[in-house]
1. Checking the condition of a type in the set (S, T, N, Q), surrounded by 14 or more Cβ atoms within 10 Å (Cβ to Cβ) and in a helix (DSSP H, G or I), which residue from 67, 71, 57 passes?
2. Return yes when residue 57 is under 16 Å from the mean Cα position of the chain (by Cα), of a type in the set (Ser, Thr, Tyr) and under 18 Å from residue 172 (Cα atoms) and no when it is not.
3. Could you check the stretch 27-37 and list, in sequence order, the residues that are surrounded by 14 or more Cβ atoms within 10 Å (Cβ to Cβ) and more than 16 Å from residue 77 (Cβ to Cβ)?
4. Taking the conditions exactly as written (over 24 Å from residue 163 (Cα atoms), among the hydroxyl-bearing types (Ser, Thr, Tyr) and out of contact with any helix residue (DSSP H, G or I) (no Cβ under 8 Å at 6 or more places or on another chain)), does residue 29 satisfy them or not?
5. List, please: which pairs have Cβ atoms under 7 Å, are six or more places apart or on different chains, and start with a residue in the stretch 27-47 that is within 22 Å of residue 60 (Cα to Cα) and end with one that is of a type in the set (Lys, Arg) and assigned to a helix (DSSP H, G or I)?
6. When the stretch 22-54 is examined, which residues are found to be assigned to a helix (DSSP H, G or I) and either out of contact with any Lys or Arg (no Cβ under 7 Å at 6 or more places or on another chain) or under 15 Å from residue 118 (Cα atoms) (or both)?
Amino acid sequence: MPRRAVFLDRDGVLNANIVRDGRPYAPRTLADFQLFPGTEDALSQLKAAGFLLIVATNQPDVPSGITPRATVDAMHAELRRRLPLDDINICFHTDADNCACRKPKPGLLLQAAEEYDIDLASSYMIGDRWRDIEAGQSAGCFTILVDHGLRQDKPTYPDRTVSSLGEAAAIILGREPAR
């Protein structure tokens, strides 16, 4: 039987971005990597409702030489330690690579759907950028934008807009029949 998942962008959804000149940037050091308040609780509720929890994150700062791979690995180890995640799917490419896994393409979600037998039409994508929303829409997921009021590079049209992961979890749980 196909399973349901909540796909989560990392930076701006689970952890805070570093904001410079009104634009969000991924944290570059483990010391800068801070989970948003309520992240653990929101994900625990989704997990208890039977969802797979899969991070789908672009990390172009690694091939660009901005952030060492070991630092990103340490950040992901921290996520795995603190959160009930089933997987972390990562794209280590830049736009120039034109890969299938870099959001806004849905490759990270499609890969997880195949690996975990996920019904994408019954699943959700939560992100803070247009790339996340387009990836979720392309995969057929219900999309939720966590809006921090930062400038977007392109218009985005999510199914719902919220200000926190906790609000997104409440929407998802409110849409789901009791199991």
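Quick note: the coordinates plus some simple rules give every number you see, no bench work behind them. Treat the numbers as computed from the prediction; the structure is a model and nothing was measured. No Cβ is skipped: glycine too gets one built from the backbone with ideal geometry, and neighbour counts run over all protein chains shown.
1. Working: 67 fails: in a helix (DSSP H, G or I); 57 fails: in a helix (DSSP H, G or I).
After applying the criteria, what remains is 71.
2. Values: under 16 Å from the mean Cα position of the chain (by Cα): yes; of a type in the set (Ser, Thr, Tyr): yes; under 18 Å from residue 172 (Cα atoms): no.
Criteria not met by residue 57.
3. 28, 36
4. Working: over 24 Å from residue 163 (Cα atoms): yes; among the hydroxyl-bearing types (Ser, Thr, Tyr): yes; out of contact with any helix residue (DSSP H, G or I) (no Cβ under 8 Å at 6 or more places or on another chain): no.
Judged against the criteria, residue 29 is not a match.
5. 35/82
6. Keep residues of the stretch 22-54 that are assigned to a helix (DSSP H, G or I), which gives 30-32, 39-48.
Scanning the stretch 22-54 gives 30, 31, 32, 39, 41, 42, 43, 44, 45, 46, 47, 48.
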